[in-house]
Amino acid sequence: MNRGLLLRFENLVQLRGACWQLRVLSSREVFGAQWKPVQLSARPVGSLLLHPQLWPKHRLINAALPQCRHLATKEETKKKRKKIPLTRGEVEIRPKMTVEELAQAMGKDIDHIYEVLLYTDINLDSVEPDSILREDHIKMIVQKSGMKYKSAKLKEEKERKNTDAVKRPPADPAVLTPRPPVVTILGHVDHGKTTLLDSLRKTQVVSTEAGGITQHIGAFIVHMPSGEKITFLDTPGHAAFSAMRARGTNVTDIVILVVAAEDGVMEQTIESIQHAKNAGVPLILAINKCDKPEADPERVKKELLAHDVVCEEFGGDVQAVNISALKGENLMVLAEATVALAEMLELKADATGLVEGTIIESRKDKGKGPLTTAIIQRGTLRKGCVLVAGKTWAKVRFLFNENGKAVDAAPPGIPVEIMGWKESPSAGDEILEVESEQRAQEVVAWRTYVEQQEKMKKDLEDIEAKQKEHRLEYEKKQQKLAHLTWRQRKAVMYKANKHLMFSRPKERTEMDENTLSLVVKGDVDGSVEAILNILDSYDCEDECKLDIVYFGMGDISENDITLAEAFNGVIFGFSVKANESIKKLADKKGIKIKLHNIIYKLIEDLKDELNSRLPPAVVETTIGEASVLDTFSVTVGKNKIPVAGCRVHKGLLDRKMKFKLIRNRDVIWKGCLSSLKHHKDDVQVIKTGMDCGLSLDKNLEFSIGDEIICYEEKKVQQTTSWDPGF
């Protein structure tokens, strides 16, 4: 009895050991723990409690696998229920992202962005990879792509310290010294301004000017017999150079207004008077060409009264001198009047300290690089000075006078040509001397930064205006589709915009045939400025688009040819050259180079080029007219053909030409005749006074009183309606 109880107890202990082994095995399978079975042998009862004997291996595994599968399934279910933080598929967005930036942030290509934009109010025609998207569109694109978005933490940009260079405070009157007056010659085109200067400085300038018209500003010093110096600025009188004349008056002390005695007051004369008034500069009137028989100086003085220019003989303060620039008559009287007025103005300047001045003109020289003509207004300019003008700077390497000779210094009131600029500054820029090259770079960096900020602000305003326009257009489209369900609306919009997917901006390589692309090159900055001002007045975009792909100074280069080829454009050069190798390269690539020395001839050539881009207009020329006197029909096979009995009362009817049917002054049909007969005979021509029968279209019914017009179509080359103003 005791033996049986002992055996039953031993079996229970073995069962407990087996359960323990199953638990360990399950833990190993689920959590990957290391486990080594311990081989146990039969022991006394006390030992069995500590080391129960294992079951056979195959039995143990068979018993453990179902339990292991059950535990693993539960763990997997828990893992599925557990929310894992989203790392992939989350896009970091920020305001004012471009299409390209959003595509990169999402890990998609730009095509994907365009496809999603089909469902927005954005016009894909105006979307480029660098176009800025609205914040709601950015969020919508991310959500439509099955992703989530989070806002990026924006780093607040610290307010940048203003490092610009400024003028010095006014100088102590005790340090001021007399300086030469700066005199600007103004007047209408071809009234003798350059001839006057030529006579004063005894050099031949007119012979080098194309067409006898000054093309850009020249600055010169005239030495008077009495020892005084006068600095003269010669400004072009042509209408295109208005900005140059305004620039000349801003740096001048006295304006000599040249008016031809036989022409009187002209358009640029009035403009010159206005420039002088705006600048607050006194006038001296020089009535030129008084040696001509038709000269009438008194008429000129009276005409000027209407523009508030009152001469001394009429009780005013404007000196008037009758001269002949060509023959040199009364030139010294004019010079003395200038010197007398300068003495009254007591012109003085501070010749010490940092230099201040104004750039009159800038150009590029192959050997010397960028050069500028400047008037020094304060301080004395010397070699080695560090200057800042606009967004560029210079360490002065050489100074040249008006004759091209090197000089060591330029005091106030003296024009000088400066060599050493990093880039060409713009005419009219203010020159300021700074302490070092590092300081000059700081100033340029600040000015560039300010310009970028202003441009960015303007661009954002333009973008917002464009987006508002597109939004209004989108809302109008939505109102038209308001009666449809949202699914139907999406389907209609997708069908309407589907073609845009195949003509995205980055894939557009073909240029519009009705576009004229220009590369503009000029000898100096002022010439380029004048041409661009003229092109700004172009207002015929509906006829032919005008696209300026590049403009600059200097002779025609290989880079200009490459640009013109890329944009299928034309190169226009003003007072520049193109060497033989450049011309051969242009001929090889089929690029037109148009070089001119006179501004109005360049504009005429440009208009001819615009005309060549316009499609020909179809002009109808009436050959004959006839009236319908009777109507009837004839049977041809199973069809009844309406026929009109007509009489030609003007010109002739030619069957080869085109015809139109007019009823109650409305054209109701155009085309070719089906038949033309005279007394049952087919004919080609019916002359005035003859009767005929004609048929036009089998479905077209005639009415008595209809007019039949025979006409010829001719293609005529259109001309642009653009008027540049001269």
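The values are calculated or read from the model by the stated rules, or taken from the named source; none is laboratory data. A quick note: this is a predicted structure, and the numbers were derived from the prediction, not measured. Glycine gets a Cβ as well: all are built from the backbone with ideal geometry, and neighbour counts include every protein chain shown. Accessible surface is based on the protein model in full, side chains and every heavy atom, while ligands, DNA and RNA are left aside. Shrake-Rupley method; radii C 1.70, N 1.55, O 1.52, S 1.80 Å.
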Let me confirm something: among ILE593, ILE571, ILE598, ILE603, which residue is open to solvent by 30 Å² or more (accessible area, probe 1.4 Å) and among the β-branched types (Val, Ile, Thr)? ILE593
Mind checking which residues of the range 546-589 are touching a residue at least 60 places away in the same chain (Cβ under 8 Å) and outside any strand (DSSP E or B)? GLY554, ASP555, SER575
Any idea which residue in the range 696-726 is surrounded by the fewest Cβ atoms within 10 Å (Cβ to Cβ), counting only those that are under 30 Å from VAL634 (Cβ atoms) and free of Cβ contacts under 8 Å to residues at least 60 places away in the same chain? ASN699
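Scan the range 374-402 for residues that are closer than 25 Å to GLU451 by Cα and either out of contact with any helix residue (DSSP H, G or I) (no Cβ under 9 Å at 6 or more places or on another chain) or open to solvent by less than 40 Å² (accessible area, probe 1.4 Å) (or both) and jot them down. I'd like the intermediate steps shown before the answer.
Here is the first cut: in the range 374-402, the residues closer than 25 Å to GLU451 by Cα are 374, 386-395.
If the condition is that a residue be closer than 25 Å to GLU451 by Cα and either out of contact with any helix residue (DSSP H, G or I) (no Cβ under 9 Å at 6 or more places or on another chain) or open to solvent by less than 40 Å² (accessible area, probe 1.4 Å) (or both), then ALA374, VAL386, LEU387, VAL388, ALA389, GLY390, THR392, TRP393, ALA394 are the ones that fit.
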Which residues, taken from the range 112-139, are charged (D, E, K, R) and modelled with pLDDT under 85? GLU115, ASP121, ASP125, GLU128, ASP130, ARG134, GLU135, ASP136
For the range 331-427, give me every one of the strands (runs of 3 or more DSSP E) that falls completely inside it and has 2 or more residues that are modelled with pLDDT under 90. 356-365, 369-378
Qualifying residues in the range 287-307 (those that are of a type in the set (Lys, Arg) and out of contact with any Phe, Trp or Tyr (no Cβ under 9 Å at 6 or more places or on another chain)) - the one nearest to LEU257 (Cα to Cα): LYS289
What's the number of the only condition in (1) surrounded by fewer than 19 Cβ atoms within 10 Å (Cβ to Cβ); (2) not assigned by the TED database to the domain that holds ILE709 that GLY637 fails to meet? (2)
Can you list residue pairs whose Cβ atoms sit under 6 Å apart, with the first residue in the range 454-468 being open to solvent by less than 80 Å² (accessible area, probe 1.4 Å) and the second being aliphatic (A, V, I, L, M) and not in a helix (DSSP H, G or I)? Count only pairs 6 or more apart in sequence or on different chains. ILE463/ILE132
In the range 157-207, anything over 28 Å from ALA389 (Cα atoms), more than 43 Å from the chain's Cα centre (by Cα) and at pLDDT 80 or above is listed as ALA174
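Condition check ((1) free of Cβ contacts under 8 Å to residues at least 12 places away in the same chain; (2) of a type in the set (Lys, Arg); (3) within 24 Å of GLY526 (Cβ to Cβ); (4) assigned to a strand (DSSP E or B)) across all residues:
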residue: VAL258; (1), (2), (3), (4): no, no, yes, yes
residue: GLU262; (1), (2), (3), (4): no, no, no, no
residue: VAL265; (1), (2), (3), (4): no, no, no, no
residue: GLN268; (1), (2), (3), (4): no, no, yes, no
residue: SER272; (1), (2), (3), (4): no, no, yes, no
residue: HIS275; (1), (2), (3), (4): no, no, yes, no
residue: ASN278; (1), (2), (3), (4): no, no, yes, no
residue: ALA286; (1), (2), (3), (4): no, no, yes, yes
residue: VAL300; (1), (2), (3), (4): no, no, no, no
Among all residue pairs at least 6 apart or on different chains, which show Cβ distances below 6 Å where the first residue, located in the range 657-684, is within 15 Å of GLU713 (Cβ to Cβ) and open to solvent by 90 Å² or more (accessible area, probe 1.4 Å) and the second is part of a strand (DSSP E or B) and at pLDDT 90 or above? LYS670/LYS660
If you go through the range 302-327 one residue at a time, how many are assigned to a helix (DSSP H, G or I) and in contact (Cβ under 8 Å) with a residue 12 or more places away in the chain? 4
Which condition does ALA342 not pass, out of (1) at positive phi; (2) small (Gly, Ala, Ser); (3) in contact with an Asp or Glu (Cβ under 9 Å, 6 or more places away or on another chain), if it passes all the others? (1)
Filter result (of a type in the set (Asp, Glu) and touching a residue at least 24 places away in the same chain (Cβ under 8 Å)) within the range 288-298: ASP291, GLU294, ASP296
